[in-house]
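Student: The structure that follows is given in the form of structure tokens.
Just so it is clear, none of the values below were taken in a lab; they were calculated from the coordinates. Note that the structure is predicted; figures quoted are calculated from it, not measured. Positions of Cβ are backbone-derived with ideal geometry, glycine not excepted, and every protein chain shown enters the neighbour counts.
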Amino acid sequence: MTDNRKIVARNRKAMHDYQLLDSFEAGLVLSGVEIKSIRANLVNLQDGWVQVIGDELWLMGVHITPYKQASMFDRLDPRRPRKLLMHRKEINRLISRVNEKGLTLIPTQIYLKNGRAKIEIALARGRKQYDKRDQIAKRESDLQLRRALRERTHE
């Protein structure tokens, strides 16, 4: 079976600021105007996070720009909390892991799968500033090594 996925938005900053341990797919509770905005790629995941409220997971801080063609009465707060839809077992497992020291849930990408909006959330551990610098230095040295090898093979 082919996986019909159209990636709408990615959180590139997440890879830099966090060490991603595991990722999960979740559905979103949206209004009709919000799904139209998602289909038009009017989403920003940069400041988003997932919060545990009671025994449910809520997407916080994600900006979905109001759809321009919608009436003024249908417009909602662009940063309103949105409930995530997952199986109860997965939610319970994630809640127990988040309660461990230093782990958090962050959105990594929003995509359309068979016409439905899905969000990929990742269980992550925050990186320290020196870890970020080490990662940048390693990436630059790998890039220089690949360039040197490519130049050597083309001679």
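Student: Compute for the stretch 4-69: radius of gyration divided by Kirkwood radius, i.e. Rg/Rh, restricted to C-alpha atoms, rounded to two decimals. Each step should come with its number before you reach the end.
Tutor: Numbers: Rg = 13.1 Å, Rh = 13.5 Å.
Dividing the radius of gyration by the Kirkwood radius yields 0.97.
Student: Who wins for biggest fluctuation among Ser96, Ser141, Ser31 in a Gaussian network model of the chain, springs between alpha carbons below 10 Å?
Tutor: Of the options given, Ser141 has the highest mean-square fluctuation.
Student: Quote to one decimal, in nm, the extra length available between Leu112 and Asp17 on full extension: 0.36 nm per residue of separation minus the C-alpha distance between them. Numbers along the way, then the final one.
Tutor: Numbers: separation 95, 0.36 × 95 = 34.20 nm, distance 2.53 nm.
Extra length available between Leu112 and Asp17 comes to 31.7 nm.
Student: Under the rule a/c < 1.5 gives rounded, and otherwise a/b versus b/c splits prolate from oblate, where does the stretch 9-155 land using the Cα gyration tensor? Write out the running numbers ahead of the final one.
Tutor: Working: a/c = 2.49, a/b = 1.53, b/c = 1.63.
The shape class here is oblate.
Student: Over the chain, with a Gaussian network built from C-alpha contacts below 10 Å, which listed residue (Ala14, Ala124, Ala137) shows the highest mean-square fluctuation?
Tutor: Taking springs between Cα atoms under 10 Å, the residue moving most is Ala137.
Student: Okay, next question. Within a Cβ distance under 14 Å of Val29, other residues only, what is the Lys/Arg minus Asp/Glu net charge? Numbers along the way, then the final one.
Tutor: Working: positive: Arg80, Arg82, Lys83, Arg116, Lys118; negative: Glu34, Glu56.
Local charge sum for Val29: +3.
Student: Cross-chain or 8 or more residues apart, Cα under 13 Å: how many lysine pairs in the stretch 5-127 fit that? Count them up, please. Show your work: numbers first, answer last.
Tutor: Numbers: Lys6/Lys113; Lys6/Lys118; Lys36/Lys68; Lys83/Lys118.
Pairs that pass both the separation and distance tests number 4.
Student: Next question. Tell me the net charge near Leu85. Cut-off is 12 Å between Cβ atoms, Leu85 excluded, with +1 for each Lys or Arg and -1 for each Asp or Glu.
Tutor: Values: positive: Arg82, Lys83, Arg88, Arg116, Lys118; negative: Glu25, Glu56, Glu90.
Taking every Cβ under 12 Å from that of Leu85, the sum is +2.
Student: In addition: Of Leu84, Leu123, Leu145, which is the most mobile in a GNM of the chain whose springs link Cα atoms less than 10 angstrom apart?
Tutor: Taking springs between Cα atoms under 10 Å, the residue moving most is Leu145.
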